[in-house]
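The values are calculated or read from the model by the stated rules, or taken from the named source; none is laboratory data. Nothing here was measured: the structure is a model prediction, and the numbers come from that model. Please note: Cβ atoms are built from the backbone with ideal geometry, for glycine as well, and neighbour counts cover all protein chains shown. These accessible areas exclude ligands, DNA and RNA; they are computed on the full protein's heavy atoms, side chains included. Shrake-Rupley method; radii C 1.70, N 1.55, O 1.52, S 1.80 Å.
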Amino acid sequence: MFVYNSWYVAATPKELADGNVVARTILSHKIALFKTESGQYAAVRDACIHRQAPLSLGHVIGETIQCRYHGARFGTHGRCTHVPGQAVISPKAVVRSYPVCERHGYIWIWMGEPELAVDESTIPSSLALLDTNSDMQSCTGVFESMRANYRLLNDNLFDITHAEFVHPESFGGEEVRFYRNAQPGSEPMDRGLTYEIKERSIHFRTHADSLGDEGAPLWPMMMAQALNKESWTGPLDFTMEVSWHAPCYTTFHISLRPAGQPDAKAVEFHDFHAAVPETEKSSHYFYTVGINYGDENTLSHLAEETRNVFKQDVVLLEAQQVSVGDLDVLTVPHASFNGDRLQLEGRKILDRLVNEERDSKIIAREV
């Protein structure tokens, strides 16, 4: 079910600040994440090789993590470097280590064959917008251990049609209905949706000139905030671009302008979603929210609203997981709708990647 040779979001720098050690399960591997005193990020198997005590209960000492049970210390590459009262250390005193890097405001971990970790192409390039756009301010958040398989979360992020019914007070407007009649193509279509399917990604975009009250309530609220007005009642020119990157990343870029003013500065909303597999039945959900208007309070308010919206999804996703149990949602009796097209294409990409790793015998080492 998992793609191993890929970079996964593992934590935020804030979580690992001040000597904090984070215990996190990713792809069913129990991992301890930490930052050394020199600033190097590291990830090791969360079990001391001595008596299997979780290293995440320990402490950062210099460039090592020290087990809380008997004081053994392990370097960033997993080798035991110190045992109290013992001069010679067994060469077997090694815990598995994982390649890590810091990119775009996250700490990433490579779960597959270490020698392949030099390839960073599985880190979505769309995240770079938050780094390069000087007008954009952003913040991150995380939902831990959502009790639903990551594929259900992937499906949910793809499926903008559900917003009409689950999020009518925020994201659910007429523009999400265009998704049901998606057409292949690379150019925007007024009041339509076009998509491209690539080797490891899917991109779609939609546009609507003069979107009025039939649009989602969130868009006029954003325009009013950007212009420092109490409300916005006029029509808007609306553009939404969405990119999904295997195995579990979705980015949205919303652009708004007053209708008929193509030269006006766009009000932009950019968000990133990472549906990181924890186990076969649970996921971590990391997100970034970015805007090019307002101040820190504006951003904080919008981020909290985004979090509240996703809480509505969690209720349904966890209920879905209970319904399907140990099975996949597409292996139980089901019917697909027009709005499922791109979700199914994304699942095909995932299945291909999983099968390619299995066929080439590229599998995860013992956890």
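See the values below:
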quantity: Long-range neighbours under 9 Å by Cβ, at least six apart or interchain, first residue in contact (Cβ under 8 Å) with a residue 24 or more places away in the chain within the stretch 300-316, second open to solvent by 60 Å² or more (accessible area, probe 1.4 Å) and among the basic types (Lys, Arg); calculated: 314/147
quantity: Residue in the stretch 47-60 that is under 26 Å from residue 283 (Cα atoms), under 26 Å from the mean Cα position of the chain (by Cα) and in contact (Cβ under 8 Å) with a residue 60 or more places away in the chain present; calculated: no
quantity: Of residues in the stretch 94-140 being within 22 Å of residue 32 (Cβ to Cβ) and among the small types (Gly, Ala, Ser), the one modelled with the lowest pLDDT; calculated: 105
quantity: All positions within the stretch 260-283 that are open to solvent by 30 Å² or more (accessible area, probe 1.4 Å), in contact (Cβ under 8 Å) with a residue 12 or more places away in the chain and either of a type outside the set (Lys, Arg) or in contact with a Cys (Cβ under 7 Å, 6 or more places away or on another chain) (or both); calculated: 260, 261, 262, 268, 279, 280
quantity: Test result for residue 255, in the same structural domain as residue 205 (by the TED database) and open to solvent by 30 Å² or more (accessible area, probe 1.4 Å); calculated: no
quantity: Answer residue from the stretch 185-225, given it is in contact with a Lys or Arg (Cβ under 7 Å, 6 or more places away or on another chain) and in contact (Cβ under 8 Å) with a residue 24 or more places away in the chain and is least open to solvent (accessible area, probe 1.4 Å) among those; calculated: 208
quantity: Residue among 115, 164 that is under 26 Å from residue 200 (Cβ atoms), in a helix (DSSP H, G or I) and without any contact (Cβ under 8 Å) to a residue 40 or more places away in the chain; calculated: 115
